[in-house]
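Read through the structure below, which is laid out as structure tokens, and then see the notes.
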Amino acid sequence: MKLKSIIAIASSAYPDDLIKGYSENPRAKLGDGLAQFIAEELDSTYDEDVPEAEQLCQAARAVEKAASELNAVSNALRAKLYEPLKKLEEQRRLAAQQAFESAKLPEVAATNGGWCIDGVFWTQPVFWENPDGDSIRGDFGVTFEEGSAKILDTWNQ
């Protein structure tokens, strides 16, 4: 298989046939660095002396490795983006648990230990013993100040 055929396959899957454009003219200013990168990777990994299946496999591995590296970069950027939100959630979880533990509630038979989160409203199902033997389900909840771990209100029902 010729390199042109591999480029044609890759370019057919990429917007605007830009991989082919960069393959034909590596110094072209087409405005798509990723297409240029793919064309260069396919060119640098191409070996005309191996069977067609191996050529395709090498090309696929080169693109998959690049995709994995791009994914790692994307994940690192997203992790940094969500870092403040994760920290706020941890602070809220601690504040909500402390509020629950210090609330003057009838003796709680059980909780599921999980908070249902809807923005600033957090609730946790609780179960109280009923003299009849069945448990009674209720909720304990907190309302947080927007963008903060400060509790504005607590309730149970």
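The values are calculated or read from the model by the stated rules, or taken from the named source; none is laboratory data. Please read all numbers here as calculations on a predicted model, not as lab measurements. In this analysis, Cβ positions are derived from the backbone assuming ideal geometry, glycine residues included, and neighbour counts consider all displayed protein chains.
Each residue in segment 118-147 was checked for being in contact with a helix residue (DSSP H, G or I) (Cβ under 8 Å, 6 or more places away or on another chain) and surrounded by 11 or more Cβ atoms within 10 Å (Cβ to Cβ), and 5 of them qualify.
Of the numbered criteria (1) among the acidic types (D, E); (2) modelled with pLDDT of 95 or more; (3) not in a strand (DSSP E or B), the one D153 fails is (3). With respect to V142, is the statement that it is aliphatic (A, V, I, L, M), part of a strand (DSSP E or B) and in contact (Cβ under 8 Å) with a residue 40 or more places away in the chain true? Against the criterion (aliphatic (A, V, I, L, M), part of a strand (DSSP E or B) and in contact (Cβ under 8 Å) with a residue 40 or more places away in the chain), V142 qualifies. If you go through segment 60-117 and keep only what is within 30 Å of D43 (Cβ to Cβ) and among the acidic types (D, E), you end up with E64, E69. Have a look at V126, V73 and point out the one that is within 15 Å of N156 (Cα to Cα) and among the aliphatic types (A, V, I, L, M). It is V126.
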